[in-house]
1. Could you tell me which of A:4, A:94, A:197 has its Cα farthest along the dipole of segment A:2-251 towards the positive end, charges placed at Cβ (Lys, Arg +1; Asp, Glu -1), taken about the Cα centre?
2. Using a Gaussian network model of chain B whose springs link C-alpha atoms within less than 10 Å, name the residue from B:46, B:120, B:216 with the highest mean-square fluctuation.
3. Under 9 Å from the Cβ of residue B:14, count the other residues' Cβ atoms, weight Lys and Arg +1, Asp and Glu -1, and hand me the total.
4. Is there a quick way to get the dipole size of segment A:2-251? I mean about its Cα centre, with the Cβ of Lys and Arg at +1 and of Asp and Glu at -1; what is the value in debye to the nearest 20?
5. On a C-alpha basis, how far is the centre of segment B:1-74 from the centre of segment B:87-152 in Å? Whole number, if you could?
6. Can you compute 3J(HN,Hα) from phi for each residue in segment A:205-213, using the Karplus curve 6.51 cos²θ - 1.76 cosθ + 1.60 with θ = phi - 60°, rounded to whole Hz and x for Gly and Pro?
7. Quick check for me: using +1 on Lys/Arg Cβ and -1 on Asp/Glu Cβ, what's the dipole size of chain B about its Cα centre, in debye to the nearest 20?
8. Given the options A:56, A:13, A:26, identify the residue whose Cα lies farthest towards the positive end of the charge dipole of segment A:2-79 (+1 on Cβ of Lys, Arg; -1 on Cβ of Asp, Glu).
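Each reported figure results from applying straightforward, stated rules to the coordinates on display, with no laboratory input. Every value quoted in this text rests on a predicted model; they were computed, and no experiment measured them. For neighbour counting, all protein chains shown are included, and Cβ atoms are generated from backbone atoms with ideal geometry for every residue, glycine included.
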Amino acid sequence: MIVVDVVFFVLDLAVLYSVYVILASSLNLEYGEAGLPNFAKAAFFAVGAFSVGALSVRLGAVFLGMALEGDFKLNSLRWAMSVSQSVARNPFLGLSIFIATLIVAALVGSVLGVLASYPALRLREDYLGMLLIAFSETIRIVARNYDPLVGGTFGAGVVDFLAWAGSPSREILLLFLSVVVAAIIWIVYYRLSASPFGRALRAMRDNELATESLGRNIVKLRMMAMMIGSAMASVAGVLYAYYVGTVNPDDFTTSKTFLITLMVIIGGSGNPYGPLVGPAVYLAFDRLIQFTKQRLILPFDPNYLSYIVLGVVLIIVVDRHPGGIVPEKPTLTLPRELRSLLRQRRVEETWNRQ
Amino acid sequence: MFIVELLRVESLSAGYGNMTIIHEVSFSVEKGEIFSVIGPNGSGKSTLLKALFGLARTFSGYIFFNGKEITNFPPHERVKNGLGYLPQTGNVFEGLTVRENLLLAGYEYSNGELDERLESVQEFLPDVKRLMDRKALTLSGGERQMVALAMVLLKNPIMLMFDEPTAALAPKIAEEVFGRIVKLNREYGLTVLLVEQNTRRALELAERALLLVSGSVKFFGSADELLNHRDLLSLYLGL
Amino acid sequence: MAMDLLVEAVVYGNLLSLLSIGLSLTLLTTRVSNFAHGDFATVGIYVAYTMSVLFGANPYLFLPFSFVGGLLLGFLVYRVVFEPLRGKASLVTLMIVSMALDFILRYSVQIYADVLQRSLGVYTRGIVFKDVNINLLGFTFPGLLVISSAVAWLFLLILYLFLYRTKVGIAMRAVIENPSLSEALGINVKRIYALSWMLAASFAGVAGVFLPFRITVNPDTGFSILLSIFAAVTLGGLKSLLGSIIGAYIIAFSETVGVYYLSQIGLSTAYRPAISFITLALVLLLYPRGLAGLWSKR
C-alpha cells in the first residue's frame with residue numbers, strides 16, 4: 001500500500017510542478033523578458049480553468065444529446081459525473097471534450113492577453129500592475145457571483161475525460177500529459193527567449209526609446225508577449241481544472257498571482273531556467289510544511305507560517321540576491337548599472353509625462 | 001601676497017554607473033580667482049562639477065578642497081566645508097514658495113542665525129525680498145537663478161561652482177548674472193568655478209581656465225592665453 | 001433611509017480619507033505602491049480590540065494605542081524592508097516586496113488571532129464593536145459619525161499644519177519634489193522617509209479602529225478594502241494629497257450609494273468592488289492626472 005501512496009504522491013507533485021512551470025514560464029516571458037508586470041496572472045490562469053468548468057459539462061451534454069435541466073450551480077457536479085460515465089465507455093468523447101475546451105481556453109486567453117497589453121502603453125509600470133490586479137480581482141468576483149458561469153461559490157464540476165482508463169493508468173496518463181505539455185511549453189519559451197524576438201523583448205524592457213529608434217514596434221512586441229503568455233497560462237488552467245476535477249473561483253485570487261511571482265523571482269527572472277527552479281523550490285517548501293504540520297503541535301494553523309516565511313524569503317532574495325537562484329546572464333549589450341540607470345530615467349520620463 | 005590653492009584635482013576619473021565620462025582630469029583653482037571650464041557639448045563639464053560636489057561616481061583620483069581631501073565626502077559634508085554648487089536645473093523646489101526654499105536652504109541653522117544670513121543675502125540680492133511669497137514655479141528663468149543663488153549663498157560658501165548659469169537666459173539677463181558673479185568674486189572674495197557655454201565671456205572674466213574635450217583636459221592655464229589660442233579654439237569649439 | 005445612507009457614506013469617507021492620504025504619502029516619498037497598507041489598519045483594529053478585551057472598556061478609548069502602534073509599525077517596516085532597497089529596486093520590485101509584506105503582516109495577524117483566541121478565550125474573528133450614542137445640541141447622533149469625523153478632520157488638519165507650517169513638514173514636501181536637492185542642502189532624507197511611513201501607518205491604524213463599528217472584521221479585512229483605497233488615491237491623481245482626500249469621499253459615496261442601487265436592481269452587493277475597479281481603470285486609462293489635474297499645472 002505504501003508504494004501506491006508514494007506513487008500518488010509523486011503524481012500529485014509532478015502535475016502541480018508542470019502547471020507551475022507553465023505559469024512561471026508565462027510570467028517570465030511577460031515580466032522577466034518583456035518587463036510587463038502581469039499581475040493578472042491568476043485571472044489568465046482562471047480563464048483556462050473557467051473554460052473547462054463552464055464548458056466541459058455543457059459540451060459533453062451537447063455531444064451526447066443530453067438535455068440539462070435545472071440550475072447549473074446546483075447540478076453541475078451531478079451532470080459532470082453522468083457525462084464522465086459516458087466517457088468511461090467512449091474515449092473519443094473524453095478526448096473531444098478535452099481538445100475542445102483546450103482550444104477555447106487558449107483562444108480566449110490570447111484575446112484577453114492582447115486586450116490587456118493595451119494599457120501597457122500609457123501607464124507607468126507600477127500603475128499598470130495595479131490596474132491588472134484590479135482586473136484580476138474583478139474577474140474573480142464576477143465568476144463568484146454570476147452562477148451560470150462556473151457555479152458561483154459552489155464551483156463547477158468537471159468531466160473526467162480520462163474516465164475510460166482505470167486507476168492507476170488514468171493518473172499516469174494525466175501525469176504524462178501534464179509533463180509533456182509543460183515540457184513543450186517550456187521548450188517553446190526557451191526558444192523564444194533565445195531568439196531575436198526574445199532579444200527584442202529584453203531590449204524593450206531595458207530601454208524603450210532605444211528599441212523604438214532601432215525600428216522595433218513596441219506595441220506589437222508587447223502584444224505578442226502578452227498573447228503568448230496568456231495563452232500559456234490558460235493552458236495551465238485547463239490542466240489544473242482536469243486534474244482537480246472541479247473549478248472554484250476562490251482558487252484564483254491575487255495570492256495565487258503573488259505565489260507565481262514569488263516563484264519567478266526566487267527562480268530567477270530573465271533566465272529561461274528560472275521557471276524550472278522557482279516552482280521546484282516552492283513545492284519543496286510547501287510539501288515540507290505539510291509534512292511537519294502533522295508532527296508539530298502549534299497554537300495556530302501552520303499554513304499561516306508558511307506564507308509568512310515565503311514573504312520573508314522573497315524580501316531577502318530581493319535584497320541580497322535580486323537575480324534569483326539562476327540570475328539572468330549578462331548580455332553583450334549594456335552593463336547592468338547603466339541599464340538600471342536607463343530604466344530609472346525611463347521611469348522618470350514616464351513619471352514626468354504624467 | 002600668497003597664492004593659495006583652494007581646490008586641487010588629481011587624476012580624477014568619474015561618471016555614472018559603469019561609464020566613465022571624465023578621464024584623469026587634473027587641475028587646480030586658486031583662492032580668490034575666477035576659473036572657467038569650457039568645452040564643446042557633451043565634453044563632461046557638468047559631470048566634472050557633479051563629481052566635485054559628490055553627485056557622480058568617482059572611479060579614481062583625488063579631490064582636495066580647502067586643505068581637506070573630500071573625494072569621498074557626501075554632498076552635504078562638502079557643503080559644510082564651504083563648497084557651493086549651483087546646478088543648471090533642479091536648483092529650486094518649484095512647488096514651494098521662495099520663502100520656503102530659503103528656509104530649507106538654511107535647514108541646519110537656528111532661527112536667529114537664519115534671519116541674520118537671510119539679511120546679508122538680501123543685501124546682495126535685494127530683488128529676492130519681493131519674491132518671497134511667490135511659488136518658485138511661477139518665477140522667470142532669471143528670477144529662479146537668483147533664488148537658487150540666494151539659497152547657495154545662505155550656506156556661506158568659500159567657493160561657488162556654477163553650471164552654465166546663463167543658458168536659456170536673454171542676453172541682458174545673462175549679463176546681469178555675469179555681473180553678479182564678478183561682484184561676488186571682487187567684492188565678497190568668493191572663489192568661482194564657472195562652467196560656461198559662452199566661451200568668449202567665460203574666458204574674458206576668468207584668470208585661469210580649463211578646456212575639456214571628450215572628458216580629457218586639452219588645456220589648463222591662463223585664460224588670456226587660451227582666449228588667444230586660435231588653433232585650440234577653432235579645432236574644438238569651431239570659433 | 002437616505003439619512004442612513006448619508007451617515008454611512010460620511011463615516012466610510014472619513015475612514016477612507018485617513019487611509020488614502022497615508023497610501024499617497026508613502027507613494028510620493030518612497031515611490032512604493034504599498035500593498036500592505038490595508039494591513040496597517042488591521043493591526044490598528046487588533047490593538048484596540050486586544051486592549052478593549054483586556055481592560056473591558058470601549059474601543060474608542062484605545063485609539064491612541066492604535067496610533068502609536070502604527071507609528072512603530074511604520075518605522076519598522078520602512079527601516080527593515082524599504083530602506084535597504086533604496087535606489088536598488090525598480091518600482092515593480094518595490095510593489096512585489098510590498099505584496100510579500102502584505103503576506104507577512106496579514107498572516108501574522110491571523111496567527112495572533114488564533115493565539116489570542118486560545119489564551120483569552122475570546123472570539124477574534126468576526127469582530128464587531130458596539131457603538132455609543134452621543135447627544136449634541138439636543139440631537140442624538142451615532143458615536144461613530146461624530147468621533148470618526150472629529151478624528152479624521154482633526155488629523156487632516158494637523159497634517160496640513162505639519163506640511164505647511166513646520167520646518168520638518170516643509171522639508172517633507174521638498175523631499176517629495178526633489179530628493180537629491182534636499183540631500184545636497186543637508187536635509188536628512190532617510191529620516192523624512194521614515195517619518196512618512198510612520199504617519200501613513202499610524203493614520204491607517206486609527207482608521208482601522210472605526211471599521212468594526214460598521215462591518216464584521218477579520219484578519220483580512222484591511223486587505224479587502226485595499227482596492228477602494230487605491231481607487232481613491234488614483235482618482236485623486238496619484239501625486240496629490242488633497243486629491244486623495246477628495247477621491248476618498250467620492251469613492252465612499254459612490255460605493256455606498258452604488259451598493260444600494262445594486263440591491264434595488266437585484267444584483268448582488270458582492271459586485272461592490274466593481275465600482276472601485278471601474279474608477280481605477282477609467283482614471284488610469286483616460287485621465288491619469290486624476291482630480292489633481294483639474295487644479296495643478298504640472
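1. Checked the options; the winner is A:197.
2. Comparing B:46, B:120, B:216 in a Gaussian network model of chain B, the most mobile one is B:120.
3. +2
4. Numbers: 17 positive and 17 negative charges, 113 e Å.
Once rounded to the nearest 20, the dipole reads 540 debye.
5. So the two Cα centres are separated by 27 Å.
6. So the Karplus estimates, Gly and Pro as x, are 4, 7, 7, 4, 4, 5, 4, 5, 5 Hz.
7. On the way: 25 positive and 29 negative charges, 75 e Å.
Value, rounded to 20: 360 debye.
8. Positive-end residue among those listed: A:56.
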